[in-house]
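Below is one structure, written out as structure tokens, with a few remarks after it.
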Amino acid sequence: MFHIAQYRPLRLITQTSLSSMCLKLMLSRPVAFAQIWKSWFSSHSLVGNKNIILMGPPGAGKTTIGRIVGQKLDCPVIDIDDDVLETTWNMSVSEKLQDVGSEQFLEEEGKALLKFSASGSVISLTGSNPMHAAGMQHVKKNGIVVYLDVPTAVIMSRLKSIKVDRIVGQSPGVSLKDILQFRKQFYKRWYDIRVLCGGDITAEVVAEKVLDAVKRYQNSELETFISTRCSRSGRSTEKDSHKYFSDVVTEGLAPDGGLFVPERGLPKFTAGEWQSLIEATYIERAQVVLERCIHPADIPASKLAEIIGTAYGENFSCSKIAPVRHLAGNQFLLELFHGPTASFKDFALQMVPHIFAYCIPRSCNYLVLVATSGDTGSAVLDGFSRLHDTDKQRIAVMNFFPEDGVSPIQKSQMIGCQKENGWSIGVKSDFDFCQTAIKRIFTNSDYTGFLTVEYGTALAAANSINWARLLPQIVYHASAYLDLVHQGIIPFGSPVDVCIPTGNFGNILAALYAKMMGIPIRKCICASNENNVLTDFIKTGVYDLRGRKLIPTFSPAVDILKSSNLERYLHLIANEDGQLVTQLYNQLENQGHFQLQKDLLEKLQQDLVAGWCSEEDCLAAIHSVYSTTGYILDTHTAVAKVVADRLQDRTCPIIISSTAHYSKFAPAILRALRIAEIKQNPLSQLRLLSSYSPLPPVHWGLLETLKKKGNDDHQVCAADMSTLMSHIETLIQNHFM
């Protein structure tokens, strides 16, 4: 077996001589001793007996970066090409490749790796090492694999500059670009950490990024979460009080009634890192962004890749997942309705159930509670119905929706999405009651404790109060910007505005988070319907529910007066002052209003502008766009279109979030298009719309759901807390016991 000592001479110092040397240095030069000890301790605690293993394509700079990292850590450096393969074979790598051919070369390379052993070192792999499974399994056992992710175009340029036109595994007739793309699947299989490397980044900077990434990997305790209502003095340093990503996914709402947010904020991407994703697919972008937001101790990169692939691989009807379409002038549509239930909620809710199933303990059953204003319910039910059978036995969903506050098709869809582990219950009230009821149930420790003790069942939330719901939404806002750059509409760095129909503030908050992470969003335009409490708040700083009654509209997903995720944004601009947030929301609960102080309102207005749209203007916008382009907007997107027309200054592109497919709102669309009103069932309405050959076509998933029989079979209950709690207990008894 080959050991590191064969390649790098090691200076052996006995414990006695080391102690003597340290004592002399400490007495003669105490400052120098402190610096040397700090440096040794830092590198030793970072590496220990583990190896840092650099992996990436040919031309990624593994050898150079490995040397720099080794120098910074003062630890041995091993280059597999030079120090292992050539020493083993007694010939150069190129000679070996010429001698045995590509296929046999990979096998010989793998055998050499299997005989190799090292510890506490920086190891630079060859570009083809990851293609040998047994060899990689062996070397990974004692190491942290760092993937130097360099854009293919940059690699091609580097290889061309050193006159390399063929690499291992490249068959005749296969281009260099194709083989580099083919190899990515092997790199993605093995890495623990990814480091993005743009085209003009220096090896020194990459080395620092490697060290930072390894430090993050080994220090999961730094990525904790706090409640928006936690005061600074109340933040305990006790380890047991810390909440990690897996905790907040399962708990949903903080015990004090606040919402969880990352204590150290979200990660920042450099311009170069974002630019390295311009050529990437949506799934690749999602993987990179979410890896930086979720610590690998909570979900390893390989598992996260599996979850993302499952969520977006086959469940979306468009291969681009979230395509950006030019509408007119400087306006672009971000189409977020290509998922199975035809709304933007699918982006999170095709993924969150798998995240949830991975994070929860196996010793307990979970009932996921959902309040919906229309789209969330069907998306949650569909997402959790796609879990493995063993997970469906221990995870169930109960969806509460306003019985008379959603569109007929939305109701049919929610009822049609009921499966063996999911149920929909209509409540004789509005969305605000449903959402408030769930929050009260979560903070009722006597009731939740009773469910746990009596039935071994814990409650969880799948609304956007759950932090995991927000992360996938950040991805599509970032991806939309990168698509405009990729299409040549703007150069990277030029600003865009975004306009988002807003009810619970989650979608627009995700856009604000994307801006914080480095996407050049100038203004976020908050578009409301006639329930325009957010518009008034953003303009005046006064959040006032006194005398307001919810108005049912054609855009039910924004028929909301209490916007839950606004609390996260206020916590952010208030410099994480949980005491102030608590004060504001206690005042809202007790007095029905609160007012921001002037400095906070000024901060808010640097990010946000707002407007609202009447019912008449909403329908007129649908008719106008269809008449000029043949494209049908849904009612929510029409609200955003109207507000964007009024508030944009036309100095930069504006991306309008198209949050749902028009098929969900067929009666309103038929009315907007001035097609004679019909008294037919939802399926007949969709078939009528389809006969007009609309763009985009009628949604496939809705058609399939509405064709199912039994789409009127659901329970209805009064707007009463004890009644809702009774329904919860009955479901638990029926499903889990």
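The values are calculated or read from the model by the stated rules, or taken from the named source; none is laboratory data. Keep in mind that this is a model prediction, so the values were computed, not measured. Cβ sites come from the backbone with ideal geometry, for glycine too, and all protein chains shown count toward neighbours. Calculation scope for accessible area: heavy atoms of the full protein, side chains included, ligands and nucleic acids excluded. Shrake-Rupley method; radii C 1.70, N 1.55, O 1.52, S 1.80 Å.
Assorted remarks:
- Of all residues in region 170-187, those satisfying the criterion of being open to solvent by less than 60 Å² (accessible area, probe 1.4 Å) and in a helix (DSSP H, G or I) are LEU176, ILE179, LEU180, ARG183, LYS184, PHE186, TYR187.
- Any hit, region 684-707, residues being surrounded by fewer than 13 Cβ atoms within 10 Å (Cβ to Cβ), touching a helix residue (DSSP H, G or I) at 6+ places or on another chain (Cβ under 8 Å) and farther than 30 Å from HIS326 by Cβ: yes
- Reported count of residues in region 472-500, each being open to solvent by less than 20 Å² (accessible area, probe 1.4 Å) and either in contact with a Cys (Cβ under 9 Å, 6 or more places away or on another chain) or charged (D, E, K, R) (or both), is 7.
- Single residue of region 138-169 satisfying the filter (of a type in the set (Lys, Arg) and not in a loop (DSSP other than H, G, I, E, B)) that is farthest from the chain's Cα centre (by Cα): LYS160
- For LYS115: the one exception among (1) open to solvent by less than 70 Å² (accessible area, probe 1.4 Å); (2) touching a Phe, Trp or Tyr at 6+ places or on another chain (Cβ under 7 Å): (1)
- Against the test of being out of contact with any Ser or Thr (no Cβ under 6 Å at 6 or more places or on another chain), surrounded by 14 or more Cβ atoms within 10 Å (Cβ to Cβ), of a type in the set (Gly, Ala, Ser) and not in a loop (DSSP other than H, G, I, E, B), the options GLY127, GLY135, GLY120 yield a single qualifying residue, GLY135.
- Of the residues making up region 412-432, those that are out of contact with any helix residue (DSSP H, G or I) (no Cβ under 9 Å at 6 or more places or on another chain) and open to solvent by 50 Å² or more (accessible area, probe 1.4 Å) are LYS428, ASP430.
- Every listed requirement among (1) aliphatic (A, V, I, L, M); (2) open to solvent by 40 Å² or more (accessible area, probe 1.4 Å); (3) farther than 17 Å from PHE431 by Cβ is met by ILE551 save one, (3).
- The listed residues are ASP617, ASP649, and the only one of them that is part of a loop (DSSP other than H, G, I, E, B) and either at pLDDT 95 or above or surrounded by fewer than 23 Cβ atoms within 10 Å (Cβ to Cβ) (or both) turns out to be ASP649.
- Verdict on GLN587 being without any contact (Cβ under 8 Å) to a residue 12 or more places away in the chain, open to solvent by 10 Å² or more (accessible area, probe 1.4 Å) and under 30 Å from ARG292 (Cα atoms): no
- Conditions (1) surrounded by fewer than 16 Cβ atoms within 10 Å (Cβ to Cβ); (2) of a type outside the set (A, V, I, L, M, F, W, C); (3) under 23 Å from ILE500 (Cβ atoms): number failed by TYR312: (1)
- Candidates ALA305, ALA286, ALA301 - the one that is within 14 Å of PHE347 (Cβ to Cβ) and modelled with pLDDT of 95 or more: ALA286
- The condition (being in contact with a Gly (Cβ under 6 Å, 6 or more places away or on another chain) and surrounded by fewer than 23 Cβ atoms within 10 Å (Cβ to Cβ)) is satisfied by just one residue among LEU570, LEU545: LEU545.
- One residue alone among VAL625, VAL558 is open to solvent by less than 30 Å² (accessible area, probe 1.4 Å) and at pLDDT below 95, and that residue is VAL558.
- Residue satisfying all of: in region 509-529; in contact with a strand residue (DSSP E or B) (Cβ under 8 Å, 6 or more places away or on another chain) and outside any strand (DSSP E or B); surrounded by the fewest Cβ atoms within 10 Å (Cβ to Cβ) among these: PRO520
- VAL581 being touching a residue at least 24 places away in the same chain (Cβ under 8 Å), surrounded by 19 or more Cβ atoms within 10 Å (Cβ to Cβ), aliphatic (A, V, I, L, M) and touching a His at 6+ places or on another chain (Cβ under 6 Å): yes
- Set LEU54, LEU97: member being aliphatic (A, V, I, L, M), surrounded by 13 or more Cβ atoms within 10 Å (Cβ to Cβ) and modelled with pLDDT under 95: LEU97
- Subset of region 686-737 [farther than 30 Å from LYS439 by Cβ and hydroxyl-bearing (Ser, Thr, Tyr)]: SER690, SER691, TYR692, SER693
- Cβ-Cβ under 6 Å pairs, at least 6 apart or on other chains, region 480-497 side in a loop (DSSP other than H, G, I, E, B), far side open to solvent by 50 Å² or more (accessible area, probe 1.4 Å): PHE492/GLN275; PRO495/ARG522
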